[in-house]
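Asker: One structure, as structure tokens, below. Some questions next.
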Amino acid sequence: MRFRVSPTLRIATGLLLAVLLGVVGYHVLHWRIPGSSEALLEQADEKSWVNNWIAAEPLYRQAELGFIRKHEPSKALYAQVSEIPAQSESSISVPAQLAELTADLSLPQAQDPETRLRILTILGMLEVNYDSAMARATWAQVETLARQRHHYLLASRAIGEQGIAAFLLGDIATAKKNVVKAWTVAKVADPAAHIRYASVYGTGLVELQKYGEALGPLDEAIKVSKDKPDVAYPTIAINAKIEALSGLGRNQEALALASEAMQRASNYHLAGHLYELYQARASVYGRMGQWDRAADDYARAIQYAKQLSYWRGMTQADGLLAKAYLQRGKLQPALAAVNDAIDANKQIPDELYFVPRDLAIKAEILAKLGDAKASDELYQKSTDLIDALLSKVPTPTVERQLLGQLSEVYAGYFASLSDRGKNSEAFRAIERARGRVEAQALEDHEPVAPHEQTTAEKALTNLNLRLLDTDDLGSRQDILQTIYDTEQQINPNFKPDHFSTEPVNLIQLQRDLGPSELILEYVLDEPNSYVLAITETTVKRYALKAKSEFEREAADYRTEVMKRKVDDGLAQQLFNDLIKPVSAYTHEQSIIVVPDGKLHLLPFSALSDAGHYVLASHLVTVVPSGTVFNILRHREQRLAIEPMPYLGVAAWTINRPKKTLFSGILRGGSGPERSELIPLPESRHEVESIASDLPKPDTVLLGSAATETQFKRLPLSRYKWRRQSDSAGERSSQREESNCSSSRRRCVRPIPEGR
């Protein structure tokens, strides 16, 4: 009899041996001839294991050349791909790097287990910035292969990386389990991983603006680094701590930390670190209102990005430099900086994701220069480019980035129009953005694996560049049509109108309102946010404070509410900032809130005015946009004119009989009987509840009536429906408009009779 040892136990056993034997990294150390390719490779591996890829890169390059001369292609490939992390800030795009590594996996020399493991490891490192689901799958392969090769510390790291990917995908339970497991191991036996997990956790807290909580793990990462001088400098933790200190108002401490880190990075000529540090310090100066110093630091960051041919870095820093100049009213330098940002992004044409933001910055500059027409055209170009990029978005990660920029672009456009008293146009601009976000959320975009661009994809990239370089409105529309036609050649199911949501106009929305109703449509932006207050007779815009302040306060208040605590001061502060400026609030009893950003998570009813909650005096409704409000308000009238029948199917409503002693025993070729399947929880209740809520007519098939025969007897041509199918672990879906429901939120085919 053979006993199976659990993977966790095998990892733990291997880690104990690694610690006892004093193994550094995951290569068993052997005596090597000094200066030989094997010795160089081993030295490089020791440095890369502690994340010092920059110091390892020249050693890997020497080893690669040596292995080529010795005709050892597997080791040469191992060394070659190991040079990539240090070169990841070069001109080659992330998708191109990933495609190259994916192609390397199919090479004969990649069949060597150690070489294959190294390729997968670096692939996983880069995929985190491209698509979290891909990274998670790759790190699972790393874990399996590392365990097979007895590289237990690497297997532990792979578990932690899967946890980080799971967090980015929203799987918090798995993320916590995996990261805690890997972090526990790292504290005992893997300082470099210990630094990484503490740094990533602290950075995540900074992103959530929990600056005080972030300092603990960030200080932990920095302390471990100081105790282990051979480990790479903890740049992530340092930059995050600078931001955390500044967020807490401890700006002088933040500046001192930045200066100390810059001195160290300069001593070792670490251009990449200096690029990051100058940006971090510039952000602190920006918080302090010292925009001239901020601009100087952004300019220094750009110099280091140019030194590295780091086009993404130049695009980002030049855009921030333009904003810094804007703050000081230096419009011509701001215009030059944003033009440099756009030109830098053209150097990586398959990553044009920063361009819409930069076009919006340029539009703001032109508006301040008095060229309103050119400004409006740039805002339109920016939104056109976002639509074009969204049509071929490769991963959910990129999609979220683009949709985030879409909100920024439209916020700027809204402010520009409303500043000129064009409230109707401003309302239409922000509604178009929100309709686009809502429509995109309904689409299911499968990640596109990195690959060498096809001819059609290259054509799309060139069309996007042409769109960027075209100012003529007619030419732009022609290019957009060509983009959609090309996309349809690549994907025959592509429908260019599937996201075209025509926003309601302001006059129509006012007609929808009753005499006691008030719509508050929020637009969060920097340095000012806005609310458009709409009644049946009036429209007024109010300027509010910055987006960052609102989002921090909203997050803090929501945390208190979830803990069942009361923070009257914060509830009053949010009321004063969000609602009190609107004079119509005191006259109307029904408030319809259209939130923005993290205000979606804020319970407006629980805000407080002089100790009285808003819900005590007002009926509060929340809708995603004014257009959605218009649709909902007119839904019943439309359904009365064109009733759409409803079909609900709940097949599994029969309780399973009690288990017998042998009820779990099945012959190998058989499947469970219908009576042995567990009914779906609440399926009958859900289907019947939906039927009661929707206008008639309706048809409900329950339990034994939910058969194929009964289903086919229905007038199926009257129903609009959706089918989804799963096969071979790959999800493929064909979607149509749906008025069909089940407890799993998908159309379920009835069970054939006799099964």
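The values are calculated or read from the model by the stated rules, or taken from the named source; none is laboratory data. All figures in this text were calculated on a predicted structure; none of them were measured in a lab. As a convention, Cβ positions derive from the backbone with ideal geometry for all residues, glycine included, and neighbour counts pool all protein chains shown.
Asker: Mind listing whichever residues of the stretch 128-183 are assigned to a helix (DSSP H, G or I) and of a type in the set (Ser, Thr, Tyr)?
Answerer: SER132, THR138, THR144, TYR152, SER156, THR174
Asker: Could you please give the count of residues in the stretch 558-614 that are touching a helix residue (DSSP H, G or I) at 6+ places or on another chain (Cβ under 8 Å), among the charged types (D, E, K, R) and free of Cβ contacts under 8 Å to residues at least 12 places away in the same chain?
Answerer: 2
Listed here are the residues, each with its yes/no results for (1) within 30 Å of THR470 (Cα to Cα); (2) modelled with pLDDT of 90 or more; (3) in contact with a Pro (Cβ under 9 Å, 6 or more places away or on another chain); (4) buried (at least 23 other Cβ atoms within 10 Å of the Cβ).
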residue: SER266; (1), (2), (3), (4): no, no, no, no
residue: TYR278; (1), (2), (3), (4): no, yes, no, yes
residue: MET288; (1), (2), (3), (4): no, yes, no, no
residue: ALA336; (1), (2), (3), (4): yes, yes, no, no
residue: VAL355; (1), (2), (3), (4): yes, no, no, yes
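Asker: Sticking with this structure for a sec: Looking only at residues in the stretch 194-205 that are surrounded by fewer than 24 Cβ atoms within 10 Å (Cβ to Cβ) and among the aliphatic types (A, V, I, L, M), which one is farthest from ALA165 (Cα to Cα)?
Answerer: Looking at residues that are surrounded by fewer than 24 Cβ atoms within 10 Å (Cβ to Cβ) and among the aliphatic types (A, V, I, L, M), I get LEU205.
Asker: Look through ALA295, ALA322, ALA240 and report the one residue that is within 29 Å of ALA198 (Cα to Cα), surrounded by 21 or more Cβ atoms within 10 Å (Cβ to Cβ) and not hydroxyl-bearing (Ser, Thr, Tyr).
Answerer: ALA240
Asker: Of the numbered conditions (1) farther than 21 Å from VAL594 by Cβ; (2) among the charged types (D, E, K, R); (3) modelled with pLDDT of 75 or more; (4) surrounded by fewer than 21 Cβ atoms within 10 Å (Cβ to Cβ), GLU351 fails exactly one; give the number of that condition.
Answerer: Of everything listed in (1) farther than 21 Å from VAL594 by Cβ; (2) among the charged types (D, E, K, R); (3) modelled with pLDDT of 75 or more; (4) surrounded by fewer than 21 Cβ atoms within 10 Å (Cβ to Cβ), GLU351 misses just condition (3).
Asker: Go through the stretch 244-264 and report how many residues are surrounded by fewer than 22 Cβ atoms within 10 Å (Cβ to Cβ) and within 25 Å of the chain's Cα centre (by Cα).
Answerer: Matching residues across the stretch 244-264 total 1.
Asker: Let me ask another. Looking only at residues in the stretch 514-526 that are in contact (Cβ under 8 Å) with a residue 60 or more places away in the chain and farther than 15 Å from SER407 by Cα, which one is nearest to the chain's Cα centre (by Cα)?
Answerer: Only one residue fits best here, namely LEU520.
Asker: What's the number of the condition HIS634 fails, among (1) farther than 28 Å from GLU502 by Cα; (2) in contact (Cβ under 8 Å) with a residue 24 or more places away in the chain; (3) surrounded by fewer than 16 Cβ atoms within 10 Å (Cβ to Cβ)?
Answerer: Failed condition: (1).
Asker: Looking at ILE342, is it in contact with a Lys or Arg (Cβ under 8 Å, 6 or more places away or on another chain), β-branched (Val, Ile, Thr) and surrounded by fewer than 24 Cβ atoms within 10 Å (Cβ to Cβ)?
Answerer: Spelling it out, ILE342 is indeed in contact with a Lys or Arg (Cβ under 8 Å, 6 or more places away or on another chain), β-branched (Val, Ile, Thr) and surrounded by fewer than 24 Cβ atoms within 10 Å (Cβ to Cβ).
Asker: Evaluate the stretch 180-189: report whether one residue or more is in contact with a Phe, Trp or Tyr (Cβ under 6 Å, 6 or more places away or on another chain) and within 18 Å of ALA214 (Cα to Cα).
Answerer: Yes, the conditions are met somewhere in the stretch 180-189.
Asker: When you check ALA140 against the structure, is it surrounded by fewer than 22 Cβ atoms within 10 Å (Cβ to Cβ), within 19 Å of VAL200 (Cα to Cα) and in contact (Cβ under 8 Å) with a residue 12 or more places away in the chain, yes or no?
Answerer: No.
Asker: Given the criteria of a type in the set (Val, Ile, Thr), in a helix (DSSP H, G or I) and modelled with pLDDT under 90, does VAL393 qualify?
Answerer: No, not satisfied.
Residue by residue, here is whether (1) at positive phi; (2) touching a Cys at 6+ places or on another chain (Cβ under 8 Å); (3) of a type in the set (Gly, Ala, Ser); (4) at pLDDT below 90 holds:
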position: ARG281; (1), (2), (3), (4): no, no, no, no
position: ASP292; (1), (2), (3), (4): no, no, no, no
position: TRP311; (1), (2), (3), (4): no, no, no, yes
position: ASP318; (1), (2), (3), (4): no, no, no, no
position: ALA324; (1), (2), (3), (4): no, no, yes, no
position: GLN332; (1), (2), (3), (4): no, no, no, no
